[in-house]
Every structure is written in structure tokens, then in C-alpha cells.
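Written below as C-alpha cells is the structure these notes are about.
The values are calculated or read from the model by the stated rules, or taken from the named source; none is laboratory data. Keep in mind that this is a model prediction, so the values were computed, not measured. Positions of Cβ are generated from backbone atoms using ideal geometry, with glycine treated the same way; all protein chains shown enter the neighbour counts.
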Amino acid sequence: MELNARLIAGLDRSRSAVIDGLRHPIDFHCLVYAFGASFRVVFIDAAPETRFKRKPRFATYDAFLAADLQPVEAYIDGLRPLAAAAISNQESLEGFYQRLDRWVAAYEKGERK
């Protein structure tokens, strides 16, 4: 929770922000408390193989899978029901960005909650 408080304190509340890496419902609830109805989660869904290929932080796929099995990762799927939307990241990156951009534009126009 201390990390969440430091993150929130560093945000400019007069502007929109993207926060990557929510891992636990506590993260969600801290942000809802801080930002109220203006806070939204977009759950990005991608298979492990796709995530490994698109963000190659690990030397091997086995190292990636080992990190993916860490206890902190176990709560990510619990964020899906809390999300305003779920967007698949299984196809091309261009297609993914287009779907995400459409969602953000619709939200900014008040067409999505």
C-alpha cells in the first residue's frame, strides 16, 4: 500500500494517466479511493507466448514462465471483473492499439463508463 500511495502522490490529477502493472485488487481499490469515478481499468488479455514475445525482459521463455508463476502474479485475473473493459492483445500490435485507442476515445466522449 505504501508503493500505491507514492505512485498516487506523484500523479498530476489535472491530466489523464496510464498506470501499467496493476497486480492485485488492493492496487485497484487504492486508485478508486484516490480518483473515484474517473478511474477505470482496462484489462489487457494476452497469452504468455504473446507477452513474452512483445516484452522480452527475460532471456528465455522458461525464465519468463517462472516469473509468471510468482505469487504476486496470481491475483491479476481477479482484476478482470473490476475492469471497465477487457481488450485482447493476441492479434497484431496495430490492431491492439486501434482497439485501445477506440476505447479511450469513446470513454473521453462519455460513451463508455
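Quick rundown of the values:
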{"item": "Residues of region 68-113 satisfying the condition of being loosely packed, with under 12 Cβ neighbours inside 10 Å, charged (D, E, K, R) and modelled with pLDDT of 90 or more", "result": "77, 80, 94, 101"}
{"item": "In region 50-90, the residues that are touching a Lys or Arg at 6+ places or on another chain (Cβ under 9 Å) and of a type in the set (Asp, Glu)", "result": "68, 73"}
{"item": "Residue 15 on the phi < 0 side of the Ramachandran plot, surrounded by 13 or more Cβ atoms within 10 Å (Cβ to Cβ) and among the charged types (D, E, K, R)", "result": "no"}
{"item": "Any hit, region 50-68, residues being among the aliphatic types (A, V, I, L, M) and touching an Asp or Glu at 6+ places or on another chain (Cβ under 8 Å)", "result": "yes"}
{"item": "Wholly within region 1-98, helices (runs of 4 or more DSSP H) carrying at least 1 residues that are touching a Ser or Thr at 6+ places or on another chain (Cβ under 7 Å) and in contact (Cβ under 8 Å) with a residue 12 or more places away in the chain", "result": "none"}
{"item": "Region 45-66, subset closer than 24 Å to residue 82 by Cα and of a type in the set (A, V, I, L, M, F, W, C), residue surrounded by the fewest Cβ atoms within 10 Å (Cβ to Cβ)", "result": "47"}
{"item": "Any hit, region 99-107, residues being under 19 Å from residue 24 (Cα atoms) and of a type in the set (Gly, Ala, Ser)", "result": "no"}
